[in-house]
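S.K.: Submitted below is the structure of interest, expressed as C-alpha cells.
The values are calculated or read from the model by the stated rules, or taken from the named source; none is laboratory data. The model shown is predicted, which means the values in this text are computed figures rather than measured ones. Cβ: placed from backbone, ideal geometry, glycine included. Neighbour counts: every protein chain shown. Calculation scope for accessible area: heavy atoms of the full protein, side chains included, ligands and nucleic acids excluded. Shrake-Rupley method; radii C 1.70, N 1.55, O 1.52, S 1.80 Å.
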There are 2 protein chains.
Amino acid sequence: MKTKSFSDMQCSIARSLELVGSWWSLLIIRDAMMGARRFKHFQKSLGIAKNTLTSRLIQLIDSDILERVPAKDGSAYDEYQLTPKGRDLGPIILALSQWGDKWAVHPDGPSFEYFDRKTGEDLTAIWPRRANGEAMELRDVGVKPAGTSTPQPESGIERTSS
Amino acid sequence: MKTKSFSDMQCSIARSLELVGSWWSLLIIRDAMMGARRFKHFQKSLGIAKNTLTSRLIQLIDSDILERVPAKDGSAYDEYQLTPKGRDLGPIILALSQWGDKWAVHPDGPSFEYFDRKTGEDLTAIWPRRANGEAMELRDVGVKPAGTSTPQPESGIERTSS
C-alpha cells in the first residue's frame, strides 16, 4: 500500500497516515464510529477477506486506535472499540464524508447524514473557523514552519489557487 | 494499495478515498497546498521515484483534484495546481495534521503550524461545531441513513465509547 514508511517524516500528516495504516483501516474506523463492535460487523460492512481484516484490526490495536474489550453482553466474543486516540479521528472521517458528499457522491446519493444529537439539526461544515466560530476562507489559512513567527511568503492552504 | 475498488460503494468516505487514490496522493495534495507547483518540488519533498510521482500526478489530474497549467514565470515547465475540488480537501489535510500533532508528533515536534492570515492567531481546532460556532462533543454527533428522519438507536460518532 505504501512503498516506504512515513514514520521517519516529521510532518504530522504523514505520521497520521502511517499510524492509520491504510484506506481499509479508515473504513474500519468509520464502521467503529457507526457502532460496529465485532469482527463479523466489520466483515459484513467491508466484505473483505478475514485475514485482511484481521491484520488491519491488529495494526489498529498496535497503533492504539482500537482496543479489544470483552463483549458487552457477556458472550465469548471479543469486541473492538475506539480508544480516545481513535475517537479523535472523528473530524477526519467527517471531513472525508463531507468532501465525498460534495465531490464524489454516489448516483443514489449519500448513504448517511450527520446531525446534532442535542438539537437534531444537520451538522455544520467541518471547516477552519476563527475563535468566534466564523468559517474562514481557505486562502486565509496560513502555514509557517513550527516555532517561527514569520510566515513563509505566500504560504497558505490555498496558495496554489492564486 | 487497495485490494478492491471503493467506487461502487455508496459511502462518501469510501468514494473520497477512491478519488484521492493513495497516501502518497494525500502528501502530494499537502505539498500543493503548501505551495509546491512543479514536478521537482513534489519529488524533492516526497523523495519518491519519478515514475511513482508521475502516476500519482496523472491520477490526481484524472480525478480533477489537480490541473496542469503553464508555468507562472513563462518557462517551459508545466505546473500543477489544485482545482476547487482539490482545495476543498483542505479541511481533511488540516484534520490529519491536527490529529498527528496531538497523537503522532515527531520527537522534534511538528514541522508546520497553521495560522489565520487575517489575525495572525493560531488556527482553532478543526472540529464539529454547532451553528453558533460552539465546538461539539463527538458523542453529540449523530449518524442516520440519508433521507430518514429517525436516527438509528445509539448511532453516533462516539457510539463505541459507551
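S.K.: Which number in (1) open to solvent by 70 Å² or more (accessible area, probe 1.4 Å); (2) charged (D, E, K, R); (3) not in a helix (DSSP H, G or I) marks the one condition that B:K102 misses?
M.R.: (3)
S.K.: Also, I was wondering about something else. With the checklist (1) of a type outside the set (S, T, Y); (2) in contact with a strand residue (DSSP E or B) (Cβ under 6 Å, 6 or more places away or on another chain); (3) farther than 22 Å from B:I126 by Cβ; (4) within 8 Å of chain A (Cβ to nearest Cβ) in hand, flag the one item B:I48 doesn't pass.
M.R.: The one condition B:I48 does not meet is (2).
S.K.: Now for a separate question. Please identify the pairs in which a residue from segment A:114-140 that is more than 7 Å from every other protein chain (Cβ to nearest Cβ) and touching a residue at least 12 places away in the same chain (Cβ under 8 Å) has its Cβ atom under 6 Å from the Cβ atom of a residue that is open to solvent by less than 50 Å² (accessible area, probe 1.4 Å) and in a loop (DSSP other than H, G, I, E, B), counting only partners at least 6 apart or on another chain.
M.R.: A:R139/A:E158
S.K.: Then there is this: Does A:A95 count as assigned to a helix (DSSP H, G or I) and facing chain B (nearest Cβ under 7 Å)? Show your work before the answer.
M.R.: Details: assigned to a helix (DSSP H, G or I): yes; facing chain B (nearest Cβ under 7 Å): yes.
When the stated conditions are applied, A:A95 passes them.
S.K.: Could you go through segment B:86-99 and let me know if any residue there is open to solvent by 20 Å² or more (accessible area, probe 1.4 Å) and under 20 Å from A:E18 (Cα atoms). If you could, list the steps in order and put the result at the bottom.
M.R.: Let us first name the residues in segment B:86-99 that are open to solvent by 20 Å² or more (accessible area, probe 1.4 Å), namely B:87-88, B:98.
Now restrict to residues that are under 20 Å from A:E18 (Cα atoms): B:98.
Looking for residues that are open to solvent by 20 Å² or more (accessible area, probe 1.4 Å) and under 20 Å from A:E18 (Cα atoms), one finds at least one in segment B:86-99, hence yes.
S.K.: Can you pull out every residue in segment A:93-133 that is modelled with pLDDT under 85 and over 23 Å from the mean Cα position of the chain (by Cα)?
M.R.: A:A131, A:N132, listed by residue number.
S.K.: Could you tell me which numbered condition A:Q59 fails, if it satisfies all but one of (1) closer than 19 Å to A:P84 by Cβ; (2) at the interface with chain B (Cβ under 9 Å from one of its Cβ atoms)?
M.R.: Failing condition for A:Q59: (2).
S.K.: Moving on. In segment A:63-85, is there at least one residue being among the aliphatic types (A, V, I, L, M) and within 7 Å of chain B (Cβ to nearest Cβ)? Give the derivation first.
M.R.: Of segment A:63-85, the ones among the aliphatic types (A, V, I, L, M) are A:65-66, A:69, A:71, A:76, A:82.
Now drop any that are not within 7 Å of chain B (Cβ to nearest Cβ), which leaves A:82.
For segment A:63-85, residues among the aliphatic types (A, V, I, L, M) and within 7 Å of chain B (Cβ to nearest Cβ): present.
S.K.: Here's another thing I want to ask about it. Among the residues of segment B:86-109, is any of a type in the set (F, W, Y) and touching a residue at least 24 places away in the same chain (Cβ under 8 Å)? Before the answer, list the steps.
M.R.: The initial filter retains those residues of segment B:86-109 that are of a type in the set (F, W, Y), namely B:99, B:103.
Right, trim to touching a residue at least 24 places away in the same chain (Cβ under 8 Å) and you get none.
No: segment B:86-109 contains no residue that is of a type in the set (F, W, Y) and touching a residue at least 24 places away in the same chain (Cβ under 8 Å).
S.K.: Another one. State all residues of segment A:106-148 that are touching a Ser or Thr at 6+ places or on another chain (Cβ under 6 Å) and open to solvent by 60 Å² or more (accessible area, probe 1.4 Å); if no residue qualifies, say none.
M.R.: A:A131
S.K.: Determine if segment A:54-70 includes at least one residue that is assigned to a loop (DSSP other than H, G, I, E, B) and over 13 Å from the mean Cα position of the chain (by Cα). Before you say what the answer is, go through the steps one by one.
M.R.: Residues of segment A:54-70 assigned to a loop (DSSP other than H, G, I, E, B): A:63-65.
From the residues that got through so far, the ones that are over 13 Å from the mean Cα position of the chain (by Cα) too are A:63-64.
Yes, the conditions are met somewhere in segment A:54-70.
S.K.: Next question, about the same structure. Going by the structure shown, is B:S63 out of contact with any strand residue (DSSP E or B) (no Cβ under 9 Å at 6 or more places or on another chain), hydroxyl-bearing (S, T, Y) and buried (at least 18 other Cβ atoms within 10 Å of the Cβ)?
M.R.: Working: out of contact with any strand residue (DSSP E or B) (no Cβ under 9 Å at 6 or more places or on another chain): yes; hydroxyl-bearing (S, T, Y): yes; buried (at least 18 other Cβ atoms within 10 Å of the Cβ): yes.
Taking the combined requirement at face value, the residue satisfies it.
S.K.: Of all residues in segment B:13-45, which are more than 8 Å from chain A (Cβ to nearest Cβ), in contact (Cβ under 8 Å) with a residue 12 or more places away in the chain and outside any loop (DSSP other than H, G, I, E, B)?
M.R.: Result: B:V20, B:S25, B:I28, B:I29, B:D31, B:F39, B:F42, B:S45.
S.K.: Let me ask something else about it. Please state which one of B:Q10, B:Q81 is outside any helix (DSSP H, G or I), of a type outside the set (A, V, I, L, M, F, W, C) and open to solvent by 60 Å² or more (accessible area, probe 1.4 Å). Break it down stepwise before answering.
M.R.: Details: B:Q81 fails: open to solvent by 60 Å² or more (accessible area, probe 1.4 Å).
Only one candidate passes the filter, namely B:Q10.
Every residue, every condition in (1) farther than 20 Å from A:V141 by Cβ; (2) open to solvent by 10 Å² or more (accessible area, probe 1.4 Å); (3) at pLDDT 90 or above, yes or no:
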site	(1), (2), (3)
B:K2	yes, yes, no
B:F6	yes, no, no
B:A14	yes, no, no
B:I28	no, no, yes
B:M34	no, yes, no
B:K50	yes, yes, yes
B:L57	yes, no, yes
B:V69	yes, yes, yes
